[in-house]
Amino acid sequence: MTGWGVGMGKRIVQITVNGDTTEFLCEPRQTLLEVLRNTLELTGTKEGCSNGNCGACTVLMNGLPVVSCLVLAVEAAGAEVRTIEGVARGSHLDEVQSAFLEGAALQCGICTPGFIMQAEALLARNPQPTEEEIRFYLAGNLCRCTGYDKIVRAVQRAAQLRQAAQQNGRS
Amino acid sequence: MHNFEYQAVATLDEAVQLLEQHRGKARLLAGGTDLIDQMRIGRHTPEFVIDVKKIAELNRLDLATDGLYVGAAVPCYRITGHTELSRQYAALSDSCCIIGGIQIQSRATLGGNLCNSGPAADSIPAMIALGGSCLIRGPAGSRELPIESFCTAPSKNVLQAGELVVEIRFPPRAPRSGSHYRRMIPRNEMDIAVVGVGASVELDESLSHFVSVRVGLGAVAPTPLLAGAVADALAGQPVNGSSFARAAEIARQSIAPITDMRGTREYRIHATGVMVQRVLEMAVARARGEDANYRVGH
Ligand SMILES: Cc1cc2nc3c(=O)[nH]c(=O)nc-3n(C[C@H](O)[C@H](O)[C@H](O)COP(=O)(O)OP(=O)(O)OC[C@H]3O[C@@H](n4cnc5c(N)ncnc54)[C@H](O)[C@@H]3O)c2cc1C
Ligand code: FES
Ligand code: FES
């Protein structure tokens, strides 16, 4: 059994963020959201409610969508984390990002990184979701501006774009 | 958030030992979807947080011939993603697919839902209906307890110093049985139950009479409860409207709801009757093998 470490000390935590293995120093009380934004300076992940209700801080941890405000940074040791910064391929937006942009599925934009990460998780699991499946899967993400319809349509469009890209890739 | 120490333990013995060592000052962490916010708002200020989700026993998910075994740290998504489990123990899967949104279900565990012991916790009435029991491990060894005996008051339960929940066990499903959990909420998703009802039924060979019935109720008393009188009244009775109505009436009399911002006492009593009837109908349809595809919010 390992000890509690040195006093109420900081911990060194190793994680993989968007494909890069990195280490950071944190206190057990810091959330993954805090560390992503303040220590790793990945400020694309947004803070809304800080209590798990709004989904603005959604990231993928070992492929699963989680609200990073309800994950302790120390819990992420050894995990693969994907944030909004890891979605675009170089300077090319991916299908979900393009569909949000073209479909004007955002106004103030604070909810957008969370919605995009959640949509990425959905499309990875279910490449052709129905409208009902999209609405259910995105129920943990709140948006004060758009009224949701444009977001749902953007996810449908992203699914089409991705399917088309895959078919082109195959032919 | 206040300062605390954190340790992820690998074995049950370590968890029990640390709980003992830091008696009253430690709290267990599973998915953190209750605890982390409770620490953030200062409701709980443990000096030690013991992460139990790496303990092998707590991650067990076995659908065996002698029943279903769900480790306390198994997150909801593993339950809803298990097709055969979701078919046989439908009420459990129904409850797990509405605990928070998808992000919460990636982390929220059955053990955490049980041990947080909220009156409106969604999985508890479902576990009660399915005849679940929990295996508890502590300094003095292990004990097993029916789920309906676990919670003692809002946010309170039977766990003694040094004890933790290891797994939840369910008996095998009888032939011609079906189950369902549903809650009444003002929205389709992401809300706390005004009334939550879990039911499990077993029918006779003609599919026309109840052999046995179990109903668990949530959000209508200080703890989730087993409506034992409903079971007694329906055993051996025909499956028809008057049996459903009788079950609803008895359930309404079994509860002690409060008035709060989600509903008045009178509303909860009325809604309990309506929900018991609907949930029993769905459980019967499933027991009969009818196409009973339940869509959340419909
Ligand atoms: C946005 C949001 C929406 C939610 N929606 C719902 C909902 O719809 N329905 C619902 O029922 N709940 C809901 N919850 C509450 C919460 O997600 C659930 O209660 C969840 O199941 C808790 O599990 P956890 O693993 O995250 O628990 P944790 O937060 O890790 O732990 C909860 C409590 O249980 C104790 N504990 C954990 N594991 C054990 C163990 N093995 N033995 C002994 N004690 C243990 C902890 O010490 C703590 O006190 C919601 C929460 C959020 C943030
Ligand atoms: S900031 Fe995490 S869910 Fe709102
Ligand atoms: S665009 Fe403003 S909250 Fe969604």
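Values in this text are rule-based calculations from the coordinates and carry no lab data. This is a predicted model, so every value here is computed, not measured. No Cβ is skipped: glycine too gets one built from the backbone with ideal geometry, and neighbour counts run over all protein chains shown.
Average the reciprocal distances over every distinct pair of alpha-carbons in the stretch A:95-167, invert the result, and give the Kirkwood radius in Å.
Numbers: mean 1/r = 0.0841 Å⁻¹.
Final number for the Kirkwood radius of the stretch A:95-167 is 11.9 Å.
Computed 3J(HN,Hα) for the stretch B:216-230, one whole-Hz value per residue from the Karplus formula 6.51 cos²θ - 1.76 cosθ + 1.60 where θ = phi - 60°, is x, 10, x, 6, 10, 6, x, 9, x, 9, 8, 8, x, 5, 5, glycine and proline marked x.
A simple spin-label model places pseudo-atoms 7 Å from Cα toward Cβ; at residue A:89 and residue B:290 they are separated by 5.0 nm. Report, in whole Å, the centroid distance computed from the Cα atoms of the stretch B:87-110 and the stretch B:247-263. Measuring centre to centre over Cα atoms gives 24 Å.
Quick one: of B:25/B:54; A:10/B:156; B:25/B:156, which pairs are farther than 26 Å apart, Cα to Cα?
Numbers: B:25/B:54 21 Å; A:10/B:156 33 Å; B:25/B:156 16 Å.
The answer is A:10/B:156.
Can you tell me the FRET efficiency between residue B:174 and residue B:140 if r is taken as the Cβ-Cβ distance and R0 is 35 Å, rounded to the nearest 0.05? Mind showing how you got there, number by number?
Numbers: r = 34 Å, r/R0 = 0.98.
Using R0 = 35 Å, I get an efficiency of 0.50.
Looking at the stretch B:192-278, which chymotrypsin sites (Phe, Trp or Tyr not before Pro) are DSSP coil and have at most 13 other C-beta atoms within 10 Å of their C-beta? Kindly include the intermediate steps, with their values, before the conclusion.
Values: sites: B:210, B:244, B:267; in loops: none.
Sparse-neighbourhood loop chymotrypsin sites (Phe, Trp or Tyr not before Pro): none present.
Less than 19 Å from a label point 7 Å out along the Cα-to-Cβ axis of residue B:156: which backbone N atoms in the stretch B:113-145 qualify, by residue? Of the residues in the stretch B:113-145, B:114-121 have backbone N under 19 Å from the label point off residue B:156. Amide H to amide H, with H built 1.01 Å from N, residue B:28 comes under 5 Å of B:50, counting only residues 5 or more places away or on other chains. In loop segments of the stretch B:42-101 as defined by DSSP, the GluC sites (Glu not before Pro) with at most 15 further C-beta atoms inside 10 Å of their C-beta are B:47.
Rounded to the nearest angstrom and listed largest first, the equivalent-ellipsoid semi-axes of the stretch B:1-137 from its Cα gyration tensor are 26, 17, 12. Couplings for the stretch A:130-145, taken from phi via the Karplus curve 6.51 cos²θ - 1.76 cosθ + 1.60 with θ = phi - 60°, read 7, 4, 5, 5, 5, 4, 5, 5, 9, 5, x, 10, 9, 9, 8, 9 Hz in order; Gly and Pro are left as x.
From other protein chains only, count the Cβ atoms within 10 Å of every residue's Cβ in B:32-38, then give the mean. Intermediate results must be reported in sequence, preceding the final value.
On the way: counts 7, 6, 2, 2, 11, 7, 1.
Neighbouring Cβ atoms belonging to other protein chains average 5 per residue here.
The Cα center of the stretch A:18-97 and the Cα center of the stretch B:1-30 differ in position by 26 Å.
Just counting partner chain Cβ atoms within 10 Å, what average do the residues of peptide A:131-138 show around their Cβ?
Mean partner shielding for this stretch: 3.
Structural size metrics of chain A, computed from C-alpha coordinates, are Rg and Dmax of 17.1, 60 Å. Using the Karplus relation 6.51 cos²θ - 1.76 cosθ + 1.60 with θ = phi - 60°, the per-residue 3J(HN,Hα) values for the stretch B:114-123 come to 5, 6, 5, 6, x, x, 9, 4, 6, 6 Hz, with x marking Gly and Pro.
Mean residue ellipticity, 222 nm, helices only, chain B: the sum of -39500 (n - 2.57) across DSSP H runs of n ≥ 4, divided by residue count and rounded to 500, is -9000 deg cm²/dmol.
Here the extension length gained between residue B:232 and residue B:21 equals 71.4 nm, from 0.36 nm per residue of separation less the Cα-Cα distance.
Provide A:162, B:265, B:182 in ascending order of the number of other Cβ atoms located within 10 Å of each residue's Cβ, fewest first. Provide the component values of the computation, followed by the final result.
Working: A:162 17, B:265 14, B:182 26.
In increasing order of surrounding Cβ atoms, one gets B:265, A:162, B:182.
Distance between the pseudo-spin-label points of residue B:87 and residue A:49 (7 Å out from Cα toward the beta carbon): 3.6 nm. Computed from the alpha carbon positions, the gyration tensor of chain B leads to an equivalent ellipsoid with semi-axes of 33, 21, 17 Å, biggest first. At q = 0.21, 0.22 Å⁻¹ the log10 of I(q)/I(0) for the stretch B:56-170 amounts to -1.18, -1.30, computed by Debye summation with a single uniform scatterer per C-alpha, solvent ignored. Shape descriptor for the protein assembly as shown: Rg over Rh equals 0.98 (Cα atoms; Rh from the Kirkwood inverse mean 1/r). Measuring r between the beta carbons of residue B:47 and residue B:274 and using R0 = 51 Å, the FRET efficiency lands at 0.65. Between residue B:245 and residue A:163, the FRET efficiency from the beta-carbon distance, with R0 = 30 Å, is close to 0.05. Three principal axis extents of the stretch B:169-249 based on alpha-carbon atoms, in descending order, are 39, 30, 24 Å. The trypsin sites (Lys or Arg not before Pro) of the stretch B:4-61 that meet both conditions, a loop assignment by DSSP and at most 11 other Cβ atoms within 10 Å of the site Cβ, are B:23, B:43. Where does helix B:265-287 land angle-wise versus the long Cα axis of chain B, in degrees 0 to 90, nearest 10? Rounded to the nearest ten degrees, it is 80. Taking every pair of alpha-carbon atoms in the stretch B:5-51, give the share separated by more than 17 Å as a whole percent. Value for the stretch B:5-51: 28 percent of Cα pairs lie more than 17 Å apart. For the residues of B:3-9, the average number of beta carbons from a partner chain within 10 Å of their own beta carbon is 6.
Placing pseudo-labels 7 Å out from each Cα toward the beta carbon at residue B:261 and residue A:125 gives an inter-label distance of 2.9 nm.
Fewest neighbouring Cβ atoms within 10 Å first, the residues B:143, A:11, B:137 line up as B:143, A:11, B:137.
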